[in-house]
1. Any chance you could check the Cα centroid distance between region 206-226 and region 445-476 for me, in angstrom?
2. Simple spin-label model, 7 Å along Cα-to-Cβ: residue 344 to residue 3 in nm?
3. Angle between the Cα long axis of helix 209-218 and the longest principal axis of the chain, 0 to 90 degrees, nearest 10?
4. Residue 353 versus residue 448, label points 7 Å from Cα toward the beta carbon: distance in nm?
5. As I understand it, the value is the acute angle between the Cα axis of helix 459-475 and the longest principal axis of the Cα atoms of the chain; what does it come to in degrees, rounded to 10?
6. Please compute the alpha carbon radius of gyration of region 3-283, then divide it by the globular-protein estimate 2.2 N^0.38 Å. Two decimals is fine.
7. Rounded, prolate or oblate: which one fits region 229-368, using the alpha carbon gyration tensor with axes a ≥ b ≥ c (rounded when a/c is under 1.5, else prolate when a/b beats b/c, else oblate)?
8. Counting only DSSP beta bridges with both residues in the chain, what percent are antiparallel, rounded to the nearest 5?
Ligand code: CS2
């Protein structure tokens, strides 16, 4: 056990899975060890490791971002161990000592070690959480070859996950030659297909047909749907763990009690029996993905900017605001669910569960967190509903209201009139959207955001302009 995590009090309140860490072999490499990975995939694997026959599924956690190296060095000092705190809406709180990340590599400092891990025949699975924007794909699934990070990686730098996968898989194809599964765990529709498309285009740009060919025969890219609301880690929980257990855990992560993982059953490498610990293997992830992305994520995205405009701090406050609660229900019931159409998922029941989860005041999920990265989120989460309702002959007025609130938020945020900080990695892409008719026109016809909707359904531009004007009057 990590020295940092020696419990000195209340040991009975801290649970841990029943396995000896020394007996665990690594079978997974994970790229992007953020809070979400620690609260989600690492938890499933931690439970899996308690099964005698599944002890070769330890995780090698890899950091790929230089800006995270400092925080990651602390994670290494803690031997990759940390406390997961989960909080239910009814106040039940649990603390678990998670130990599944058995090895840690800072890829930003030691890229060769990552290559060796990826080449190792014992590694059967690579999972990734690098955020929605971390795959650098445009609306046509084309890799952004002109993006400086991708450009540099094609020249041999290590900015994106593609550079790491390229080098690691190259080594694997030349040494162990073992088959392997790349399992994307980011919130993207058809996430496995996107990872595959991005990687194959990267290889094309590198002009490495041999490796591309090897990958076609030896690597699979299942899609998966991942879910657990995981607020940004905060000092409050670090302090709670410190005072409750006497543990100096700087990597404490907190999430809601709900957790879900639905995985396409398409493994080129060996398959971990994650179904033993609650994950679902299915033939087709699409209906689960669509439900989650269009109801939970799009619900978050369309409500959060309105919540910010109203000066709310925590997302659960939006569910206690009559207007926003009604808006959320209308958006889902009038736009999202009709646009999805028939589904194996009971969508109204699913929506009710999401409403309860969004109302969980104990997790203190912030409007600020959910406002982050709007430029990457709208095309993924909101666009399908926008297009779907128009295609069915309707008018997606609630969706348009959500989009308009983002534009209004952006403008007021630029003018310093909003308290909620806006963290937007793609700020440069938003700079053309000025607060005048030219800016609104550019926003409403942006190809990356809205595809061909403005061309196929020209009413959209007028409807969005109208909604923006209404919003500006209301909040400006
Ligand atoms: C949120 C997600 O930031 C967002 O867009 O909707 O981070 C959400 O909390 C997770 O997807 C829940 O699984």
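Nothing in this text is a laboratory measurement; each read-out follows from the coordinates by a stated rule. Only a predicted model underlies this, so the values are computations on that prediction, with no experimental measurement involved. Glycine gets a Cβ as well: all are built from the backbone with ideal geometry, and neighbour counts include every protein chain shown.
1. 38
2. Here the answer is 5.1 nm between the modelled labels.
3. 80
4. 3.4
5. Tilt relative to the chain: about 90 degrees.
6. 0.99
7. Judged from the Cα gyration tensor, region 229-368 comes out oblate (a/c at least 1.5, b/c at or above a/b).
8. Within the chain, antiparallel bridges account for around 30 percent of the total.
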